[in-house]
Amino acid sequence: MKPESLMMSYGYKPHLSEGAIKCPIFQTSTFVFKSAEEGKSFFEVAYGLREQKVGEELGLIYSRINNPDLEILENRLTLWDEAEEAAVFESGMAAISTVLLEFLKPGDLVLTSNPLYGGTDHFISKILPNFGIHVASFKVGQSKEEVIKIVEETGFAKNLKLIFIETPANPTNDLIDIKDTKEVAKYFSTPDNEIVLAVDNTYMGPLWQHPLKLGADLVLYSATKYIGGHSDVIAGACLGSNRLMKRVKGLRTFLGNMASPNTGWLLMRSLETLKVRMDAQAINANKVAEFLNQHPAIEKVYFLGNLTPKDGHIYETKMSQCLSNGAMISFDIKGLEEDSFKVLNKLKLIKLAVSLGSTESLAEHPATMTHADVDLELRKELGISEKMIRLSVGVENYEDIIYDLNQALSVIV
């Protein structure tokens, strides 16, 4: 069956929950063992003291380690990306920071793409160096050879351990070729040092891009966004192979940043409508982009649907790794920061708020909001200017979204 069908019941056994058609919230801190021997066996597997036997299930111990809501949710999350294992966190940044801390140690080098979400950029550029971790970055459009040269010029090429990319990038919709980046990882990998490629796939959600199928080792999500989709839950997720996820889940256990049972329950609810929501958002985004492309107050529209064969490798990247144009649009208005603010303040249906991927349309000003902490010169270099507005297209009637944008843009025409 297709994932959208399996989202209704996969991994859940109603007879274990009094026949409830939906998984209840297992709001408990701990679980009762049938015997001391059973408790011993569960802990041996949970703490890696022995390998799990074929057909053996890890029993319930403590909700910091495992909980029915999280286990069922994680099983369902693996379906879209065809991952072996998933881990859910209390926020997207919890997922990202856990991965970075697990695969990097003092003296190591991490290579990142630019731009990145502001929170990710802050953690990598301002917090990781405090732990003696070196950081290098590359930009959209740079070739494999150029990226390899960037790594070599750091003087820490032998210490490269992790490549972290975000594609499409927030907020510019820039695309990074996942397959090419994997080739860079392979170039620096040795039998004793496998370079891990992690991809933040939040902008595309689980439907529109599948990094693991393109060579990535780990895929990350702010599950707050499309997966949650209702602006009522904060969560994150990481997916990958059993081997790598064992490490991620191990650190999660001791950092204690797993999601709560209630968060797991909310995300399971949201997964049931994920496809219909994202399909509607993609249709709406195409219509909204068509409108923005023709508006006299707009200088430039950043939208995957605007790419053409004339864009060369970037267009080829889109066609080979993206299954949709997505529902995120950024655009530059003809004006200054004060003009951007006038437009944002005039919106009625579209809400002035950060976040993305929810049922309601949201708009914000990246340069002074989500990416305010990014180095000013880097922001300018990446095109995150005072004239840019980021729009997350929701599931409302597209004609109403366009009407609201039109009346707001009228203040600067």
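Overview of results
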{"item": "Any hit, the range 333-343, residues being assigned to a loop (DSSP other than H, G, I, E, B) and aliphatic (A, V, I, L, M)", "result": "yes"}
{"item": "Search result, residues across the range 206-229 that are over 9 Å from the mean Cα position of the chain (by Cα) and part of a strand (DSSP E or B)", "result": "218"}
{"item": "Elements of type helices (runs of 4 or more DSSP H) contained in the range 4-116, each with 1 or more residues being small (Gly, Ala, Ser)", "result": "36-46, 92-103"}
{"item": "Residues located in the range 62-89, provided they are under 16 Å from residue 25 (Cα atoms) and either of a type in the set (Asp, Glu) or free of Cβ contacts under 8 Å to residues at least 24 places away in the same chain (or both)", "result": "66, 69, 71, 74"}
{"item": "Every residue from the range 270-300 that is of a type outside the set (A, V, I, L, M, F, W, C), part of a helix (DSSP H, G or I) and surrounded by fewer than 17 Cβ atoms within 10 Å (Cβ to Cβ)", "result": "279, 287, 290, 293, 294"}
{"item": "Selection status of residue 74, in contact with a strand residue (DSSP E or B) (Cβ under 6 Å, 6 or more places away or on another chain), among the charged types (D, E, K, R) and under 22 Å from residue 7 (Cα atoms)", "result": "yes"}
{"item": "Single unsatisfied condition, residue 196 versus (1) over 26 Å from residue 376 (Cα atoms); (2) over 23 Å from the mean Cα position of the chain (by Cα)", "result": "(2)"}
{"item": "Contacts under 9 angstrom Cβ, first residue in the range 213-229 being charged (D, E, K, R), partner in a loop (DSSP other than H, G, I, E, B) and surrounded by fewer than 24 Cβ atoms within 10 Å (Cβ to Cβ), 6 or more apart", "result": "213/82; 217/194; 217/195; 217/241; 225/355; 225/358"}
{"item": "Breaking point among (1) modelled with pLDDT of 95 or more; (2) under 20 Å from residue 244 (Cα atoms), for residue 32", "result": "(2)"}
{"item": "Residue list for the range 255-265, filter: part of a helix (DSSP H, G or I) and either crowded, with 22+ Cβ neighbours inside 10 Å or modelled with pLDDT under 95 (or both)", "result": "263, 264, 265"}
{"item": "Criterion (among the hydroxyl-bearing types (Ser, Thr, Tyr), under 22 Å from residue 103 (Cβ atoms) and either at pLDDT 95 or above or not in a loop (DSSP other than H, G, I, E, B) (or both)) met by exactly one of 187, 203", "result": "187"}
{"item": "Looking only at the range 381-411, and only at residues there that are of a type in the set (Val, Ile, Thr) and in contact (Cβ under 8 Å) with a residue 60 or more places away in the chain, the one that is surrounded by the most Cβ atoms within 10 Å (Cβ to Cβ)", "result": "393"}
{"item": "Residue 348 among the charged types (D, E, K, R), without any contact (Cβ under 8 Å) to a residue 40 or more places away in the chain and either part of a loop (DSSP other than H, G, I, E, B) or under 21 Å from residue 380 (Cβ atoms) (or both)", "result": "no"}
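The values are calculated or read from the model by the stated rules, or taken from the named source; none is laboratory data. Everything numeric here is computed off the predicted structure, so don't read it as measured data. Cβ: placed from backbone, ideal geometry, glycine included. Neighbour counts: every protein chain shown.
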